[in-house]
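Structure first, then comments.
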Amino acid sequence: MTQHVDEATGRATRLKSEALRVLLDRGLVNQATDLEGLDAAFHAGSVTFYAGFDATAASLHVGHLVPLVTMRWLQKLGHQPIAVLGGGTTLVGDPSFRNDSRPLLTEAQIRENMAGIRRSIEGILDLEGTDGALLVNNAEWLTEFRFLEFLRDYGTQFTVNRMMSFDSVRTRLEAQQPLTVLEFCYMMLQAVDFLELARRHGCTLQIGGSDQWGNIVNGVDLGRRDGRQLFGLTVPLVTAANGQKMGKTAAGAVWLHPDKLSPAGFWQFWRNTADADVAQYLRLFTELPLNEVARLSALKGAELNEAKKILATQVTALVHGAAAARGALEQGEALFSDDEDGAEATHTLPLASLASGLGLLELVVATGFAQSNGEARRLVEAGGVRLNGSTVDDPRRRISPGDLAANDRLTLAIGRRRKALVAFG
């Protein structure tokens, strides 16, 4: 049996369940409300668990990969996942650790966003068969409550004193930032989600990011008052070796939906992983055996670049499928070659295209750095595109013969390492 040492108490616990052993070995556990009780529940049989995803954007991003990978591992080990799409909670907006209120979205915007989020979840979790993951929308029950009934049934179950003690609320108030009653009630809604899922589907575990700890604890407490033993588990907030939050780039968030970031661009994000982060990311985001993770992590110098390619291909296959990952690898091989800083891939376009008015957005798409003009526009407006070494932030920019060097070529770069040499002839 695997032994786990509680960092807070220093007490050693002998783990019985394979599920917790795998999650702990992979570094996927940050906090748990009752680790021993959860271990016993996993050991006793199949546990139904959930994670929620508010529909604040049309795609999930790499920050959501940690809970999704955790869900995937648990499903592979025989436990039942529920992915909750926040059609109801998105109408309110989660204030956790934010300095301002989230913009309120219309129901039409939320429905559109949920469709994009569903696509990412479908690629990572198995939704087929009687044991397949469930996708539910919390608007099913939250929008059915009448205000006075909700206050009567649940308002007495929460105290303002307790709610203000959670870091997500306290830090906002200490910064003297306004916190609306609407936002303040969000943690009540998430707690009710947990109770409703327990009643409807026998769900006994909630998984969330470390910033969700207060919300999860409220749900566990609400379940206890209803005579239920519920558990909460948070996954770590992943930071790079330089201390920065993972997934934040000059061009914005690293999205999981291919309409917002192409598989090739997604692959290159992982290929650009800093040397110091390779071991952590291989353990967290791939399903490679841990002995293989250790072998790859021990590589040095140019050999470590091979580990980065494996990391990039594994994660891209997880999110976009094996075929897209192979295509991204082929494109990445041409782009990076053996050069640690990334070699320039060469593309050839008709010289006549300049006379017809080649747009910068079209050029970004033609070189494979974006799959659509919309994606290219976002890269340009974020300042992530350089033409002949100079940043270009005007999406209306046209390419002219004056941009070409004497050899009828120009250079195009996205970020620090994604480069292309474009020839016209």
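The values are calculated or read from the model by the stated rules, or taken from the named source; none is laboratory data. What you see is a predicted model, and the numbers here were worked out from it, not measured in a lab. With ideal geometry, Cβ positions are generated from the backbone for all residues, glycine too; neighbour counts draw on all protein chains shown. Side chains included, ligands, DNA and RNA excluded: accessible areas come from the protein's heavy atoms. Shrake-Rupley method; radii C 1.70, N 1.55, O 1.52, S 1.80 Å.
Once you reduce segment 296-326 and segment 349-394 to the center of their Cα atoms, the two points are 27 Å from each other.
Geometric descriptor of segment 81-182, per residue, is 148 Å³ (volume of the convex hull of the Cα atoms).
Solvent exposure of segment 354-425 amounts to 46 Å² per residue of accessible area, where only protein heavy atoms count and the probe is 1.4 Å.
Can you pull the percent of Cα pairs in segment 202-296 with separation above 23 Å?
So the portion of pairs separated by more than 23 Å is 47 percent.
Extension gain for LEU24-ALA323 works out to 104.6 nm (0.36 nm per residue, less the C-alpha to C-alpha distance). Close amide H contacts of HIS61 (hydrogens built in the peptide plane, cut-off under 5 Å, sequence separation of 5 or more or a different chain): LEU256. Shown here: segment 149-188, whose C-alpha atoms stretch 33, 17, 11 Å along the first, second and third principal axes, sorted largest to smallest.
Among the protein heavy atoms, those of ARG21 account for about 80 Å² of accessible surface (1.4 Å probe, every chain in place). Counting only lysines at least 8 places from LYS260 when in the same chain, those with an alpha carbon closer than 29 Å to its own are LYS76, LYS245, LYS248, LYS308, LYS309, LYS419. Taken one residue at a time, the phi angles of segment 217-225 give Karplus couplings (6.51, -1.76, 1.60, θ = phi - 60°) of 4, 4, x, 4, 5, 5, x, 4, 5 Hz. Gly and Pro are set to x. When a 1.4 Å probe is rolled over the protein heavy atoms, the share of accessible surface on the chain that falls to carbon and sulfur comes to 49 percent. Binning all Cα-Cα separations of segment 256-377 at 10 Å, short to long from zero, yields these whole-percent fractions: 13, 39, 31, 13, 4, 1. Rounded to whole numbers, the Karplus 3J(HN,Hα) couplings from phi for segment 46-51 are 5, 10, 8, 9, 9, 9 Hz, using 6.51 cos²θ - 1.76 cosθ + 1.60 with θ = phi - 60°, and x at Gly and Pro. Protein heavy-atom accessible surface, 1.4 Å probe, per residue over segment 179-278: 36 Å².
Only DSSP H runs of four or more residues enter the estimate; each adds -39500 (n - 2.57), and after division by the residues of the chain the mean residue ellipticity at 222 nm equals -13000 deg cm²/dmol.
Just want to confirm a number: the relative contact order over the chain, from Cα pairs under 8 angstrom separated by 6+ residues, in percent.
Details: 668 pairs, mean separation 61.1, N = 425.
So the answer I get is 14 percent.
Packing, as the average of other Cβ atoms within 10 Å across residues, places the peptides 36-42, 80-86 in the order 80-86, 36-42, highest first. Computed on segment 122-232, the Cα convex hull volume stands at 131 Å³ per residue. Using 0.36 nm per residue and subtracting the Cα-Cα separation, the extra length available between SER165 and LEU104 on full extension is 19.4 nm. Annotation for LYS300 and THR239: the two label points, set 7 Å from Cα along the Cα-Cβ direction, are 2.8 nm apart.
If you plug the beta carbon distance of THR180 and ASP259 into 1/(1 + (r/R0)^6) with R0 = 41 Å, you get a FRET efficiency near 0.80. The mean sequence separation of alpha-carbon pairs under 8 Å and at least six residues apart, normalised by the residue count of segment 112-257, gives a relative contact order of 19 percent.
To the nearest 10, the accessible area of MET164 is 90 Å² with a 1.4 Å probe. Converting phi to 3J(HN,Hα) with the Karplus coefficients 6.51, -1.76 and 1.60 and the offset θ = phi - 60°, segment 357-369 yields x, 5, x, 4, 4, 4, 5, 4, 5, 4, 8, x, 7 Hz in sequence order, with x at every glycine or proline.
Could I get the Rg over Rh figure for the chain? Both from C-alpha atoms, Rh via Kirkwood, rounded to two places. Walk me through the numbers before you get to the answer.
Working: Rg = 23.8 Å, Rh = 23.5 Å.
Using Cα coordinates only, the ratio equals 1.01.
Looking only at segment 73-90, which residues have a backbone nitrogen under 17 Å from a spot 7 Å from the Cα of PHE145 in the C-beta direction? Inside the label zone: 85-90. Find the percent of Cα-Cα distances in segment 265-319 that exceed 17 Å, and round it to a whole number. In whole percent, the long-distance tail amounts to 24.
Which FRET efficiency, nearest 0.05, do ASP131 and ALA44 yield, Cβ-Cβ r, R0 22 Å? Before the final figure, lay out the partial values.
Values: r = 17 Å, r/R0 = 0.79.
Efficiency for this residue pair is about 0.80.
Calculate the FRET efficiency for ASN388 and ARG111 from the Cβ-Cβ distance with a Förster distance of 56 Å, rounded to the nearest 0.05. Approximately 0.85, to the nearest 0.05.
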